[in-house]
Amino acid sequence: MSEQQFNLDTVDHARTTPDTDLPWAELGLKENEFEDIKKILGRRPTAAELAMYSVMWSEHCSYKSSKVHLKQFGAKVTDEMKKDLMVGIGENAGVTDIGNGWAVTFKIESHNHPSYVEPYQGAATGVGGIVRDIISMGARPVAVMDPLRFGAIDHPDTQRVVHGVVAGVGGYGNSLGLPNIGGEVEFDACYQANPLVNALAVGVMRHEDIRLANASGVGNKVILFGARTGGDGIGGASVLASESFDDAKPSKRPAVQVGDPFAEKVLIECCLELFKDSVVEGIQDLGAAGISCATSELASNGDGGMHVDLTKVLLRDSTLTPGEILMSESQERMMAVVTPANMARFEEIMDKWDVEYSVLGEVTDSGRLVIEWDGEIIVDVDPKTVAHDGPTYERPYSRPAGQDATQADRFSESAAGRDRPAGAELGKAVVELMASPNLCSKEWVTDQYDRYVQGNTALSQPDDAGVVRVDEETGLGVALATDANPRYAYLDPYEGAKASLAEAYRNVATAGARPVAVSDCLNFGSPEDPDVMWQFAEAVRGLADGCMELGVPVTGGNVSLYNQTGGQAINPTPVVAMMGVMDDVTRRTPSGWAPTEDGNAIYLLGTTADELDGSEWARLKGHLGGRPPRVDLAQEKLLGDMLVNMSRDGMIDAAHDLSQGGLAAALADACLRFGVGARIGLGEVAERDGVDEFTLLFSESQGRAVCSVPRTEEVRFKDMCTARGYAFARIGVVDAVNDALDLQGVASVPLAELREAWSGTLPKYFG
Amino acid sequence: MPRIIVDVMPKPEILDPQGKAIARELPHIGLSSFTEVRQGKRFELTVEGEVTERHLEEARRAGEELLSNPVIEDVVNVSVAED
Amino acid sequence: MAESLPSTEVPLIADLTPDVSDERLAGVRVGVVTFPGTLDDRDAARAVRIAGGTPVPLWYKDSDLQSVDAVIIPGGFSYGDYLRAGSIAAKAPMMREVHRAATADGTSGSAPLPVLGICNGFQILTEMHLLPGSMIKNDHLKFVCTDQRLRVENTETPWTAELDRGGEIVVPLKNQDGQYVADARTLRQLEEENRVVFRYVGGNPNGSRQDIAGVTNERGNVVGLMPHPEHAVEPGFGPSSSGTEEVAMRYGSDGLRLFTSLLRQIVAA
């Protein structure tokens, strides 16, 4: 490297210069962490080693504040829950056996902060990152989903973020040929400077194609392939640009990572060809912490050693220092371990797809990760100390002082709660609710995503879950739903997290699939705030307990902390992604009634209590207080089981779960799905449950769903409910003649009026 | 009508996927002299009458505030079009 | 865990085996070209298969058409749509062969090859000047994915011979650069020569001139359209409406007729 502008900090040099000032604080390390590194190495780290430890020991990579809590996901499981789990937490993504020799891997991740700084590229690279996680398991990605949370819909900056994020998710995902099958869009002032961009990807593979991130087989080649390495993700000004640290002149590095979906699409096809021909022994995607992460994880999960020559890395920017190369988060790169015998075939496949690659080094059994630069050793570490032995913190947490007061502030006792609409006003209330930013049509967003590509999409937004076919021969497929209710979680993080889990479970079951696995994306404020840490601890405990009760394991996920501006944290937002299995996706249940269902009976499953705290109606009235609806997971399990069986046995033509907005939103959604009305009688059920009509319509009691039941199936339907002891009530009929949601004796809402209100909101704000 | 040209380029340190794809295609059509391609944008802003310093100043502001995304792009040229 | 349905169960959707078990249809070989960044190639191949023909994968770097009877240039983002949609793919070796075969003069006994360009494939064909005009960004500047209603204007191409002239079909539309533009003279010529094959109805989704969704060349063997007929071939996975009948959710399969039309035309020739 003739253009080298820096003095190389070698291991030998580090030994002889123990007192050199190192920028550990600027790299985000705490003093105790820096001391630990010195203890591990028995000397000061070199600049390159410091770079590696600092990124791998960051909150993002090491989960140092969260892992003491996350352990519960591994502990609260039964053998029964693990039965279909082929790869569990800890790998790039979990893998579940769905039968017929097929396996499915899925994972949800956050790309929150980058999406605030540069919404388009932040969202785009978020999609890119999660898709690479899926490829690195050996799977073909088959769909993506995106739960998005933005600030107040009428805030001037929300425009910028929404346009950028939606275009970025679409621009990247559409270019990869991955159908976008659902997600969420929420607007709440708490996300104003902290939008949440979570991205889920799902992939499928045959059992024998599962690949893991490990480097085994001494002498096997370690290869970096895909895009070239630039200064991406190092930060606008890099303290590592000068390795000698004496002339502190930070050089310019990109503040934003730019995604290249074309390069990623080529990388997908190229990797699938590598898998098909069994050319790679181990594979790892490069995401956060780039080469630092890939080399240390591959080495510590395999034979324990690796020798790499960093000068072999193909660069986009020749001024990068070794430390920067190790930290770079340039997108669209992968690392593979290949036997010498397979090298010829590997090169052939790279050439076919015009993918650049370079052999960086090989696997050793030395137990050391050794990295050289120009013949000099600049890193010599035990890879486990980098990848796995990062710090662990038991952050203090305590129930916030104001929590009791918050919970005591019941909606029903508030001014808005006492002034509840009744009679004919209820019709207007339904329209008002359906036009609200959080219940209105999300078509403005989802019409910017390709839901058709790959030809296997059986359900997508706005139905309860996205459903894709996996096996074209049998129709075997999977259903996916993502859900969070941050307002419930704010009121009670333990119960609120369970409610998110219950809703995701219910959504998947309503679509007709048997829920089998969970991935979660836990978005919270600063772990250094004991109030936030309490929210986190409670939410994790709720999810782990809930998964145990439902018998569905957590297969992986992601934690995003520090989502706060100043002292103001976002509402705790545990996003739950649930995957379900269907033997034949053509039997999926749509969320609304079709014209052909005219005269079908409409049944409401479950019972309604006065549970308006944290509800959408309360949000509309500017109220957040009280306790979230009670979650009974045994009932949810029973309901889910019934919905799956009813779908399989042809007892229902359509079904929609009740969640945000309660019965009112569920009925409106179901009518608007295909523009077919319904005649509903509320009186009997209201009397049975001891609530007024307003409460019946807008309360968000859990464990409920509406079903469209053909007349010929009513007996079987009722028999099943009776046999299972699940509350049910016939509340009306599908009416394809009068285009209205007719709440009989109360109000009749013309569908045209409802649709106009429902579909007009997002275009009104975003064009 | 006189026009003001505003040229916007991706920042040098930022990945330019479009330029990269074009650079790789050039040899395939027999052009192998170029070591790198970067693709930018050219804007033409038309004004009435003579181009004044105020016009240029407004064009510079347009470049910084709207035509470029300062996070990933630079305005590399603001000048009067030579017709 | 794969529990099979009781045998008395009536399947919710129709049997998917092709309705024409004509071995001669299976003998029709339809090439599907894949470029880096192509996305809908497997879907186009599936459409050919469901129609009863045999799809043949063609790689953009190769120069052998493998004696296919027709070629589909599928949708996607070849080369990421960088530079201009379709511009780089248009220069591929395989496309030189497609150009040659599509413009064959017939004197050596070779009829011009039927070619269908879908979405990005249409953009590639215009960049190759096999079809007139060009596509620019949608007038609303956004990617749009929607079930689109089209009127069939020309049934003299092998791809549309079995469709009803003046009839309607519904197929998905999904693109970013779908606004069809051409100079006034070209537009006039297209209309006069009846070379507009499909027109948008029920609203122009992207600002295309004269609502044009698809066009053909002078000889009628090359057809390009922005919407995706290959995504409306299989009940349960298509659009939720049809141009000809009441269909339930995702049961629309109007697009299939383009592919069956081609196969039968070739068998009949």
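The values are calculated or read from the model by the stated rules, or taken from the named source; none is laboratory data. Predicted model only: the values in this text are computed from it and were never measured. Cβ sites come from the backbone with ideal geometry, for glycine too, and all protein chains shown count toward neighbours. Each accessible area value is taken on the protein alone, full model and side chains, heavy atoms only, with ligands, DNA and RNA left out. Shrake-Rupley method; radii C 1.70, N 1.55, O 1.52, S 1.80 Å.
Which residue out of A:226, A:235 is modelled with pLDDT of 75 or more and either within 14 Å of chain C (Cβ to nearest Cβ) or open to solvent by 10 Å² or more (accessible area, probe 1.4 Å) (or both)? Quick ask: steps written out before the conclusion?
Details: A:235 fails: modelled with pLDDT of 75 or more.
After applying the criteria, what remains is A:226.
When the residues of region A:400-419 are filtered to those that are within 12 Å of residue A:618 (Cα to Cα) and in contact with an Asp or Glu (Cβ under 8 Å, 6 or more places away or on another chain), which remaining residue is surrounded by the most Cβ atoms within 10 Å (Cβ to Cβ)?
If we take residues in region A:400-419 being within 12 Å of residue A:618 (Cα to Cα) and in contact with an Asp or Glu (Cβ under 8 Å, 6 or more places away or on another chain), then A:411 is surrounded by the most Cβ atoms within 10 Å (Cβ to Cβ).
Pick out the one residue from A:167, A:139, A:143 that is in contact with a helix residue (DSSP H, G or I) (Cβ under 8 Å, 6 or more places away or on another chain) and open to solvent by less than 20 Å² (accessible area, probe 1.4 Å). It would help to see each step written out before you state the result.
Working: A:167 fails: open to solvent by less than 20 Å² (accessible area, probe 1.4 Å); A:143 fails: in contact with a helix residue (DSSP H, G or I) (Cβ under 8 Å, 6 or more places away or on another chain).
Just a single option satisfies the conditions, and that option is A:139.
Can you confirm whether region A:326-346 contains a residue that is in a helix (DSSP H, G or I), among the β-branched types (Val, Ile, Thr), away from every other protein chain (no Cβ under 14 Å) and buried (at least 20 other Cβ atoms within 10 Å of the Cβ)? First the steps, then the outcome.
Start the filter on region A:326-346 by keeping residues that are in a helix (DSSP H, G or I), which leaves A:326-327, A:340-346.
Then keep just the ones that are among the β-branched types (Val, Ile, Thr); that gives none.
Scanning region A:326-346, I find no residue that is in a helix (DSSP H, G or I), among the β-branched types (Val, Ile, Thr), away from every other protein chain (no Cβ under 14 Å) and buried (at least 20 other Cβ atoms within 10 Å of the Cβ), so the answer is no.
Would you check if there is a residue in region A:619-627 being touching a Gly at 6+ places or on another chain (Cβ under 9 Å), within 30 Å of residue A:469 (Cβ to Cβ) and more than 14 Å from every other protein chain (Cβ to nearest Cβ)?
To start, the set of residues in region A:619-627 that are touching a Gly at 6+ places or on another chain (Cβ under 9 Å) comprises A:621, A:623-627.
Now narrow it down to the ones that are within 30 Å of residue A:469 (Cβ to Cβ): none.
Within region A:619-627 (the criterion being touching a Gly at 6+ places or on another chain (Cβ under 9 Å), within 30 Å of residue A:469 (Cβ to Cβ) and more than 14 Å from every other protein chain (Cβ to nearest Cβ)), the answer is no, since none of the residues qualifies.
Pairs under 6 Å by beta carbon, first residue touching a residue at least 60 places away in the same chain (Cβ under 8 Å) and in the same structural domain as residue A:604 (by TED's automatic domain parsing) in region A:643-655, partner outside any loop (DSSP other than H, G, I, E, B) and among the polar types (S, T, N, Q), six or more apart or different chains?
A:643/A:510; A:653/A:708; A:654/A:708; A:655/A:510
Hey, can you tell me all the residues within region C:27-53 that are within 15 Å of residue C:256 (Cα to Cα) and either away from every other protein chain (no Cβ under 14 Å) or modelled with pLDDT under 95 (or both)?
The answer is C:30, C:52, C:53.
Given the residues A:664, A:670, which is the only one that is touching a Leu at 6+ places or on another chain (Cβ under 7 Å), closer than 30 Å to residue A:496 by Cα and modelled with pLDDT of 95 or more? Give the steps one after another, and end with the answer.
Details: A:670 fails: touching a Leu at 6+ places or on another chain (Cβ under 7 Å).
Testing whether each residue is touching a Leu at 6+ places or on another chain (Cβ under 7 Å), closer than 30 Å to residue A:496 by Cα and modelled with pLDDT of 95 or more leaves just A:664.
Pairs, please: C-beta under 6 Å, at least 6 apart or cross-chain, first residue more than 11 Å from every other protein chain (Cβ to nearest Cβ) and free of Cβ contacts under 8 Å to residues at least 24 places away in the same chain and in region C:139-158, second part of a loop (DSSP other than H, G, I, E, B) and open to solvent by 20 Å² or more (accessible area, probe 1.4 Å)?
Note: pairs meeting the criteria are C:155/C:161; C:155/C:165.
Can you say whether residue A:496 is within 17 Å of residue A:540 (Cβ to Cβ) and assigned to a helix (DSSP H, G or I), as far as the supplied structure shows? Show your work before the answer.
On the way: within 17 Å of residue A:540 (Cβ to Cβ): yes; assigned to a helix (DSSP H, G or I): yes.
Considered against the rule, which asks whether it is within 17 Å of residue A:540 (Cβ to Cβ) and assigned to a helix (DSSP H, G or I), residue A:496 comes out as yes.
Under 7 Å by Cβ, and 6 or more places apart or on different chains, what pairs join a residue from region A:162-186 that is under 19 Å from residue A:761 (Cβ atoms) with one that is of a type in the set (Phe, Trp, Tyr) and assigned to a strand (DSSP E or B)?
Pairs found: A:162/A:150.
Test each condition in (1) within 22 Å of residue A:350 (Cβ to Cβ); (2) open to solvent by 20 Å² or more (accessible area, probe 1.4 Å); (3) assigned to a loop (DSSP other than H, G, I, E, B) for residue C:36 and report the one that comes out false.
Condition not satisfied by residue C:36: (2).
So, restricting to helices (runs of 4 or more DSSP H) that lie completely within region A:24-129, which ones have at least 3 residues that are under 25 Å from residue A:523 (Cα atoms)?
Numbers: elements: A:31-41, A:47-56, A:59-62, A:67-75, A:79-82, A:112-117.
Because the criterion is at least 3 residues that are under 25 Å from residue A:523 (Cα atoms), the helices (runs of 4 or more DSSP H) in region A:24-129 that meet it are A:47-56, A:59-62, A:67-75, A:112-117.
Which residue out of A:18, A:23 is open to solvent by 50 Å² or more (accessible area, probe 1.4 Å), farther than 15 Å from residue A:386 by Cβ and at pLDDT below 95?
On inspection, the qualifying residue turns out to be A:18.
Listed residues A:514, A:487; which is farther than 17 Å from residue A:551 by Cα and at pLDDT 95 or above? Break it down stepwise before answering.
Details: A:514 fails: farther than 17 Å from residue A:551 by Cα.
The conditions single out A:487.
Of the residues that sit in region A:420-449 and are within 14 Å of another protein chain (Cβ to nearest Cβ) and in contact (Cβ under 8 Å) with a residue 24 or more places away in the chain, which one is surrounded by the fewest Cβ atoms within 10 Å (Cβ to Cβ)?
Just the residues of region A:420-449 that are within 14 Å of another protein chain (Cβ to nearest Cβ), to begin with: A:441-449.
From what is left, the residues that are in contact (Cβ under 8 Å) with a residue 24 or more places away in the chain are A:441-446, A:448-449.
Values: A:441: 22, A:442: 19, A:443: 16, A:444: 21, A:445: 22, A:446: 21, A:448: 22, A:449: 27.
Once the filter is applied, the top-ranked residue is A:443.
Looking at region A:582-605 only, could you name the residues that are out of contact with any Pro (no Cβ under 9 Å at 6 or more places or on another chain), farther than 15 Å from residue A:698 by Cβ and either more than 14 Å from chain C (Cβ to nearest Cβ) or of a type outside the set (S, T, N, Q) (or both)?
In the first step, residues of region A:582-605 are kept if they are out of contact with any Pro (no Cβ under 9 Å at 6 or more places or on another chain); the result is A:582-583, A:585, A:588-590, A:593-596, A:598, A:602-605.
Checking the rest, the ones that are also farther than 15 Å from residue A:698 by Cβ come to A:582-583, A:585, A:588-590, A:593-596, A:598, A:602-603, A:605.
If the condition is that a residue be out of contact with any Pro (no Cβ under 9 Å at 6 or more places or on another chain), farther than 15 Å from residue A:698 by Cβ and either more than 14 Å from chain C (Cβ to nearest Cβ) or of a type outside the set (S, T, N, Q) (or both), then A:582, A:583, A:585, A:588, A:590, A:593, A:594, A:595, A:598, A:602, A:603, A:605 are the ones that fit.
Identify the residue in region C:54-76 that is more than 14 Å from every other protein chain (Cβ to nearest Cβ) and small (Gly, Ala, Ser) and, among all such residues, is most open to solvent (accessible area, probe 1.4 Å).
Only one residue fits best here, namely C:67.
Which of the residues that make up region C:77-100 are under 18 Å from the mean Cα position of the chain (by Cα) and either free of Cβ contacts under 8 Å to residues at least 40 places away in the same chain or open to solvent by 10 Å² or more (accessible area, probe 1.4 Å) (or both)?
Within region C:77-100, C:77, C:85, C:90, C:99 meet the criteria.
All but one of (1) open to solvent by less than 40 Å² (accessible area, probe 1.4 Å); (2) more than 19 Å from the chain's Cα centre (by Cα) hold for residue C:111; state the number of the condition that does not hold.
Every listed condition holds for residue C:111 apart from (1).
Within the set of pairs 6+ apart or on separate chains, which have a first residue in region A:111-133 that is charged (D, E, K, R), a second that is surrounded by fewer than 24 Cβ atoms within 10 Å (Cβ to Cβ), and C-beta atoms under 7 Å apart?
Final answer for the pair search is A:118/A:256; A:118/B:71; A:118/B:72; A:132/A:287.
For residue C:5, work out the one condition from (1) open to solvent by 20 Å² or more (accessible area, probe 1.4 Å); (2) in contact with an Asp or Glu (Cβ under 8 Å, 6 or more places away or on another chain); (3) at pLDDT 90 or above; (4) within 14 Å of chain A (Cβ to nearest Cβ) it doesn't fulfil.
Going through the list (1) open to solvent by 20 Å² or more (accessible area, probe 1.4 Å); (2) in contact with an Asp or Glu (Cβ under 8 Å, 6 or more places away or on another chain); (3) at pLDDT 90 or above; (4) within 14 Å of chain A (Cβ to nearest Cβ), residue C:5 breaks only (3).
Please list, ordered by residue number, the helices (runs of 4 or more DSSP H) wholly in region A:680-767 having 1 or more residues that are touching a helix residue (DSSP H, G or I) at 6+ places or on another chain (Cβ under 9 Å), in contact (Cβ under 8 Å) with a residue 24 or more places away in the chain and aromatic (Phe, Trp, Tyr).
Numbers: elements: A:683-689, A:693-698, A:714-724, A:751-766.
Because the criterion is at least 1 residues that are touching a helix residue (DSSP H, G or I) at 6+ places or on another chain (Cβ under 9 Å), in contact (Cβ under 8 Å) with a residue 24 or more places away in the chain and aromatic (Phe, Trp, Tyr), the helices (runs of 4 or more DSSP H) in region A:680-767 that meet it are A:693-698, A:714-724, A:751-766.
If we only count strands (runs of 3 or more DSSP E) wholly inside region A:518-629, which ones have 1 or more residues that are among the β-branched types (Val, Ile, Thr) and closer than 28 Å to residue A:666 by Cα?
Working: elements: A:554-560, A:573-582, A:601-605.
Strands (runs of 3 or more DSSP E) meeting the threshold: A:573-582, A:601-605.
Within the set of pairs 6+ apart or on separate chains, which have a first residue in region B:19-40 that is more than 18 Å from residue C:78 (Cα to Cα), a second that is not in a helix (DSSP H, G or I), and C-beta atoms under 7 Å apart?
Going by the 7 Å Cβ cut-off, the qualifying pairs are B:38/B:9; B:38/B:10; B:38/B:16; B:40/B:7; B:40/B:8; B:40/B:9; B:40/B:10.
Filter region A:91-120 down to residues that are more than 16 Å from the chain's Cα centre (by Cα) and small (Gly, Ala, Ser) and give me whichever is surrounded by the most Cβ atoms within 10 Å (Cβ to Cβ).
The extreme case among them is A:103.
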